[in-house]
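Trainee: I'd like to ask you about the structure that follows.
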Amino acid sequence: MKAVRLNKIGDFRMEEVPLPKIKGEELLVKVEACGICGSDLPRVFELGAHVHPITIGHEFAGTIVKAAKEEDQELVGKTAAVFPLIPCGECEFCKTGHYAQCTDYNYLGSRCDGGFAEYCVIPSRWNLVFSENQEVTKEELSLVEPATVAQHAVRRAEIRAGQTIAIFGAGPIGIMAARWAELFGAGKVVLFDINEEKIEFARERGLTILNSMEEDPKDALVRVTGTDHVDAVIEGTGTSAALNQAVEIVRTFGKIAMLGNPHRDTSLKLANHSSILRKEVDIKGVWNSYYAQMPLNEWQYTAEMIDARRLKVNDLITHTSGLEHLSELFEQIYHKEITICKAIYSSKA
């Protein structure tokens, strides 16, 4: 089969590899779409993976074509998104259903072979999230992973009906977080970004978005909402500037969900540090998503909302590629030769 393999930092190319064999509870999935995550770019060009060579890609969906267990033969032919985390099942976090906090996990696409290939071995049916709507495309299903991360951030921010919400960062997860906030009943959702192309992209999709570089967020909020504060903020950039602005616009007793991964040390202004104390702001970390059945499997809920056409994701896909040109697309994105919202591998491309 064909797979795009990371052999070492900067060496990312399509290769012919043996079709993997399955055993135990494993399933073989024909990968039909796999998204390029923001974490994949530094993995390829700067940091490398935990093992080499490796097929990266963890945002993927496809069709089950083979099952090792007799009881799983009923799954063959079904379509599913893939939950890429492989928890140990033994640590205290696994035993309480907090798999994202597992202390000894494996992970499809970063620690073992993932979705930028024609086929991928899935550990068990437990890792599959099924779609019940035949009209939902594999490309849409590949966005279940980032859409669920966005949903988790909204839940961590404890967004309530009627509230005013601010989101820093208008990438795909920021836009999906805005859509989730609206589904959760937020009265007003305002996005902030500094990239004019991203701003225009979000605006074309009916979102209220402002440039936080050109206008102070508090002044901008007064202009569009009539008040200079919000009930909750989702900080999706991982930057000092956005975190400081989040503290400045969140109301007393408000909430900040820290979603964006930082790439350097974060600095907080003295006045804003004091403001967190005085306003008794709740600051919540956000890490991945929640997959246990109780109280709610966020992945299943995302798939259900996409199936029901209540959560729209297909209009965020701006670039697609087959495996043959995937490394070239990575290069273009990394060197900022193109501006994307969501780029994916599609078997149809």
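The values are calculated or read from the model by the stated rules, or taken from the named source; none is laboratory data. As the structure is a prediction and not an experimental result, all values here were calculated from the model. With ideal geometry, Cβ positions are generated from the backbone for all residues, glycine too; neighbour counts draw on all protein chains shown. Areas reflect the complete protein model, heavy atoms only, side chains present, ligands, DNA and RNA absent. Shrake-Rupley method; radii C 1.70, N 1.55, O 1.52, S 1.80 Å.
Trainee: Can you name the condition, by its number, that Leu41 falls short on among (1) over 30 Å from Ile333 (Cβ atoms); (2) part of a helix (DSSP H, G or I)?
Mentor: Exception for Leu41: condition (1).
Trainee: For the stretch 162-183, give me the residue count where each residue is open to solvent by 10 Å² or more (accessible area, probe 1.4 Å) and aromatic (Phe, Trp, Tyr).
Mentor: 0
Trainee: Please verify whether Lys30 is out of contact with any Ser or Thr (no Cβ under 8 Å at 6 or more places or on another chain) and at pLDDT 95 or above, treating the condition exactly as stated.
Mentor: no
Trainee: Can you tell me which residue in the stretch 217-263 is least open to solvent (accessible area, probe 1.4 Å), limited to those that are assigned to a loop (DSSP other than H, G, I, E, B) and farther than 16 Å from Gly169 by Cβ?
Mentor: Thr227
Trainee: Among the numbered conditions (1) under 25 Å from Lys23 (Cα atoms); (2) open to solvent by 60 Å² or more (accessible area, probe 1.4 Å); (3) of a type in the set (S, T, N, Q), tell me where Ser124 comes up short.
Mentor: If we test Ser124 against (1) under 25 Å from Lys23 (Cα atoms); (2) open to solvent by 60 Å² or more (accessible area, probe 1.4 Å); (3) of a type in the set (S, T, N, Q), just (2) comes out false.
Trainee: Regarding Ala80, is this residue over 19 Å from Ala3 (Cα atoms) and either assigned to a strand (DSSP E or B) or β-branched (Val, Ile, Thr) (or both)?
Mentor: yes
Trainee: Just to be sure, is Glu304 more than 24 Å from Phe201 (Cβ to Cβ), part of a helix (DSSP H, G or I) and either at pLDDT 95 or above or over 16 Å from the mean Cα position of the chain (by Cα) (or both)?
Mentor: Yes.
Trainee: While we're here: Filter the stretch 60-78 down to residues that are loosely packed, with under 15 Cβ neighbours inside 10 Å and of a type in the set (Gly, Ala, Ser), then give me how many there are.
Mentor: 1
Trainee: A follow-up question, please. Please go through the stretch 91-107 and give me each residue that is assigned to a helix (DSSP H, G or I) and open to solvent by 50 Å² or more (accessible area, probe 1.4 Å), ordered by number. Spell out the reasoning first.
Mentor: Step one: filter the stretch 91-107 for residues assigned to a helix (DSSP H, G or I), giving 92-95, 99-101.
Across the stretch 91-107, the qualifying residues are Glu92, Phe93, Lys95, Gln101.
One line per residue, one yes/no per condition, for (1) of a type in the set (A, V, I, L, M, F, W, C); (2) over 25 Å from Gly38 (Cβ atoms); (3) surrounded by 19 or more Cβ atoms within 10 Å (Cβ to Cβ):
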| position | (1), (2), (3) |
| --- | --- |
| Ala80 | yes, no, yes |
| Phe83 | yes, no, yes |
| Gly89 | no, yes, no |
| Gly109 | no, no, yes |
| Val136 | yes, no, yes |
| Glu139 | no, no, yes |
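Every residue, every condition in (1) crowded, with 24+ Cβ neighbours inside 10 Å; (2) basic (Lys, Arg), yes or no:
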{"residue": "Val154", "(1), (2)": "yes, no"}
{"residue": "Arg160", "(1), (2)": "no, yes"}
{"residue": "Gly185", "(1), (2)": "no, no"}
{"residue": "Leu191", "(1), (2)": "yes, no"}
{"residue": "Asn195", "(1), (2)": "no, no"}
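Trainee: Let me ask something else. Do the conditions hold for Ser289, that is, is it exposed (fewer than 14 other Cβ atoms within 10 Å of the Cβ), of a type outside the set (A, V, I, L, M) and either part of a loop (DSSP other than H, G, I, E, B) or free of Cβ contacts under 8 Å to residues at least 24 places away in the same chain (or both)?
Mentor: When the stated conditions are applied, Ser289 does not pass them.
Trainee: Looking at the stretch 40-51, can you tell me whether even one residue there is free of Cβ contacts under 8 Å to residues at least 40 places away in the same chain and hydrophobic (A, V, I, L, M, F, W, C)?
Mentor: Yes, there is a match, as at least one residue in the stretch 40-51 is free of Cβ contacts under 8 Å to residues at least 40 places away in the same chain and hydrophobic (A, V, I, L, M, F, W, C).
Trainee: Taking the stretch 158-182 as the region of interest, how many residues are more than 19 Å from Leu221 (Cα to Cα), among the aliphatic types (A, V, I, L, M) and in contact with a strand residue (DSSP E or B) (Cβ under 7 Å, 6 or more places away or on another chain)?
Mentor: 0
Trainee: Please determine, by comparing only the residues of the stretch 301-314 that are touching a helix residue (DSSP H, G or I) at 6+ places or on another chain (Cβ under 9 Å) and surrounded by fewer than 21 Cβ atoms within 10 Å (Cβ to Cβ), which one is nearest to Val149 (Cα to Cα).
Mentor: Checking each candidate, the answer is Tyr301.
The rows are residues; the columns are (1) within 19 Å of the chain's Cα centre (by Cα); (2) surrounded by 15 or more Cβ atoms within 10 Å (Cβ to Cβ).
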{"position": "Ala3", "(1), (2)": "no, yes"}
{"position": "Asn7", "(1), (2)": "no, no"}
{"position": "Glu15", "(1), (2)": "no, no"}
{"position": "Lys23", "(1), (2)": "no, no"}
{"position": "Ile36", "(1), (2)": "yes, yes"}
{"position": "Val51", "(1), (2)": "no, no"}
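One line per residue, one yes/no per condition, for (1) touching a residue at least 12 places away in the same chain (Cβ under 8 Å); (2) in contact with a Leu (Cβ under 8 Å, 6 or more places away or on another chain); (3) within 30 Å of Arg13 (Cα to Cα):
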{"site": "Asp72", "(1), (2), (3)": "yes, yes, no"}
{"site": "His98", "(1), (2), (3)": "yes, no, no"}
{"site": "Tyr105", "(1), (2), (3)": "yes, yes, yes"}
{"site": "Glu118", "(1), (2), (3)": "yes, yes, yes"}
{"site": "Phe130", "(1), (2), (3)": "yes, no, no"}
{"site": "Thr137", "(1), (2), (3)": "yes, no, yes"}
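Trainee: Show me the strands (runs of 3 or more DSSP E) found entirely inside the stretch 127-197 where at least 1 residues are touching a Gly at 6+ places or on another chain (Cβ under 9 Å).
Mentor: Result: 164-168, 188-193.
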